[in-house]
Structure formats: structure tokens, C-alpha cells
1. Filter the stretch 271-311 down to the residues that are surrounded by 15 or more Cβ atoms within 10 Å (Cβ to Cβ), of a type in the set (D, E, K, R) and farther than 20 Å from C352 by Cα, then identify the one that is nearest to the chain's Cα centre (by Cα).
2. Might you let me know whether the stretch 120-140 holds any residue that is among the polar types (S, T, N, Q) and in contact with a Phe, Trp or Tyr (Cβ under 7 Å, 6 or more places away or on another chain)?
3. Of (1) more than 27 Å from R194 (Cα to Cα); (2) buried (at least 16 other Cβ atoms within 10 Å of the Cβ), V335 satisfies all except one. Which?
4. Quick one: how many residues across the stretch 261-295 are in a helix (DSSP H, G or I) and either modelled with pLDDT of 85 or more or among the polar types (S, T, N, Q) (or both)?
5. Contact list please: Cβ distance under 6 Å, first residue in the stretch 32-61 and closer than 25 Å to L258 by Cβ, second residue of a type in the set (S, T, N, Q) and buried (at least 23 other Cβ atoms within 10 Å of the Cβ), pairs at least six apart or on different chains.
6. Quick one: in the stretch 202-239, of everything that is over 22 Å from Q27 (Cβ atoms), among the hydroxyl-bearing types (S, T, Y) and under 26 Å from the mean Cα position of the chain (by Cα), which residue is least open to solvent (accessible area, probe 1.4 Å)?
7. For the stretch 90-105, give me each residue that is in a loop (DSSP other than H, G, I, E, B) and either under 17 Å from N161 (Cβ atoms) or in contact with a Cys (Cβ under 7 Å, 6 or more places away or on another chain) (or both).
Amino acid sequence: MIVRMEARGLANTIQKGFSSPNPGYLQRTQVHLSLQEALEKPVTTVIAGAGYGKTQVTYAFLQEYDATTMWLQLSMFDNLPLKLWDNLIQAVSLQHKDLASSLLSLGFPETAASYYRFLQIFSREIKQGKKQVLVFDDSHLIREKAVLLFFEQLIEAQIPNLSLVFISRNELGFDTVRLLSKGLLSRITEDELRFSKQEMIDYLRLQNLSVSPKAVADIYASTDGWAFAIHLVALSLKNDFTTEEYALFAAKENIFRLLESEVFSVVPKNMQTSLIKLSLLDQIPSKLLKELFPNTDMLAAEIEKIGSFIRYDAFSNVYRIHHLFLSFLAEKQGVLKEADKKAIYLKAANWCAQNGNRTNAIVYYAKVHDY
């Protein structure tokens, strides 16, 4: 909820026109350089989970970037083509009033002929003057085929002088692999958005906070560079808690509330139980996932939606749970029956023993007291 409220506030600022940067915002030079390089391609995706600062860092970069920016803050209602069209016209009107008037007369392109007409009108205006950037924020909310097709057609057109930016919590609803293979797409991921330890220190200093070297190490280990978590720790420290340890504890409480409302609660009930079962293990090889859950495909689809909180590591072929999300799920393990826990541990132990992972096999056998 907090993240959504921040996004709405930023969207309102954008609709009124770009303003000076937030004085509490840390200028992230390396991410800005990555975005600058990315915008040399026709399409850029900025994809990471809730609280990674996707919108904020893109907005801050575009304030400095030499381009005209049109920003669409998407919602579930933009799955209706007419609503998306109104949203597009409103964003365009702030920079190109004549173009917005032409688009209003044209209406949402539903045929090949009307789309070609749209492309003619749009290209004629966009190709003039300095570079143009069209941003679609919260793109993960779009699943309607007609709207996704419009996005794909806009990408395929490769309008000169125009860069498209899609900000999303998870992979987009159309084929980006093909775009990547053609050299048309650049990707900004959570790896680029995650704070380095030095950035975290700089951010705390920006908030006029001084913490001990041990606290710096503890905070970074606990947050793993997650921008939202670092922000919550800073807020806790500002509230004059007596110890740095208590500030970290207080921040964790708020983080868990965010995970509950933004991540866990949107997962189907039967999948929620599966996620809690997953938290019994520290890492899950993809083949073991199939052994543990008969509905693996459905579970894998939910994991993909969760995005950065459960990450598939293609190099080692395992699923890794973000340690904060792991702690969050571990607190819910009380809903599991002892027989369910034992079944998971025993299956995992047998699989690890059969596949040469003796250390984990020993640990899991010990969990069920099978020595």
C-alpha cells in the first residue's frame, strides 16, 4: 500500500509537469548511466519487485535527460482500450497539444488501417525536435490482448527519435526475448536497482543519520540493498529509537506488512500454502520443486509473478528466496501440520541424497529425526 501511495503521488507530480528533484533523493550515478545507455535502444524495460525504486529512479533520471517525456501511470482500468487511449491523450497533451487533439479525433486504433493512420500522425509530430521518451509505468497490470497488441505494434514501428520505457514488477505480457535478440531492447533489472553498501551509507548520511560500522553491516545484510527496506530503517532511526538494533526490528515489522499486502495476499490461497512449505528449505533446485509439488507449473507461474522475492538462478538451476521474504514466510509455518512438514523434509532429504547433495540431505533427515 505504501509503495502504491508513493507511486500515485509521483504520478500526480508528473501529470502537473516535471518539478525539481526531491531533496531527500539520492542521486544514483551508476543507475543513471545504465539508463542513459539503455535509452539508446528503442525499448527499455525496468523490471523489479515492489519497493526497488523503479519509478523514482527513472523519474529522477528523466529530469536530467535531454528529452521530452510523456508519462502514463497505468492502472487495471487501462486494460480497457478506451481508458488507455484517454490516458495516452492526457500524457501527450502536456507536451504536444495538437497531437493530442488529432489522437482524440482518431480514437483507439482497432484495425490495421486505423493503426497505420495513428502511426502516420504520431510519427510526424514525434520525429520533430529533440528526443521523445514515452513511459508506461506499472505495465505489469496490463493483460488485455488488444492493449498488449497496441504496445507491440508501437514497438515494432521503431519511430525515429522515440524511446519507449516500460516499468513493471514482472515480465511484460508480450514477447521481449525476440526484441532482445534483435537488439531493440535494453533491460534494467533489480541487480542494477539494488543499493550498493556505499549508496546505502550515502543515503543514511543524506538523512543526517550516523550509524556504527557494525550497524551498517547488519542493515545491509538484512536489507540486501532493497531500497524500500533501507528507507524504513532510516525512518526508524529518525524516530529516535534507543538502539540501532531496535530500529532494524521496527523496520522489519513494516516490511512484513508490505509483503503481506503487496505480495502474499495476492497469491491464490492454495499457492500461499505451497509458498509456506517452500520456506522450510533454504534453496530449491528446480527438479526438486517438481518432486515436492504436483502443481509445479501453477506454482512456478506464481513465483514468476512474485518476481524478485523468489528468484530463479539459471546458473545453478535453483530457486532462491529473498531472506526477508523467507523470514516472513517462516513466521507463517505454524499453519502447516507436522505431517506436512515431515513430508517436505523427507522428500527433500531423499532427493538430495540421490543427487549427491549430502550436506543438505543430512540437514533435512535431521529435521525429521531420521539419523
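1. Out of the qualifying residues, it is K305.
2. Yes - at least one qualifying residue is present in the stretch 120-140.
3. Failed condition: (2).
4. Summing the residues that are in a helix (DSSP H, G or I) and either modelled with pLDDT of 85 or more or among the polar types (S, T, N, Q) (or both) in the stretch 261-295 gives 19.
5. Taking only residues 6 or more apart or on different chains, the pairs are V46/T58; A48/S308; G49/S308.
6. Filtering the stretch 202-239 down to residues over 22 Å from Q27 (Cβ atoms) leaves 212-215, 217-218, 221-222, 236, 239.
Remaining after also requiring among the hydroxyl-bearing types (S, T, Y): 212, 222, 236.
Those still in the list that are under 26 Å from the mean Cα position of the chain (by Cα) too: 222, 236.
On the way: S222: 37, S236: 6 Å².
Checked the stretch 202-239; the qualifying residue least open to solvent (accessible area, probe 1.4 Å) is S236.
7. Q95, H96
The values are calculated or read from the model by the stated rules, or taken from the named source; none is laboratory data. Fair warning: this is a prediction, and the values are worked out from it, not measured in the lab. Cβ: placed from backbone, ideal geometry, glycine included. Neighbour counts: every protein chain shown. The protein model used for the area step is the full one, side chains on, heavy atoms only, and it has no ligands, DNA or RNA in it. Shrake-Rupley method; radii C 1.70, N 1.55, O 1.52, S 1.80 Å.
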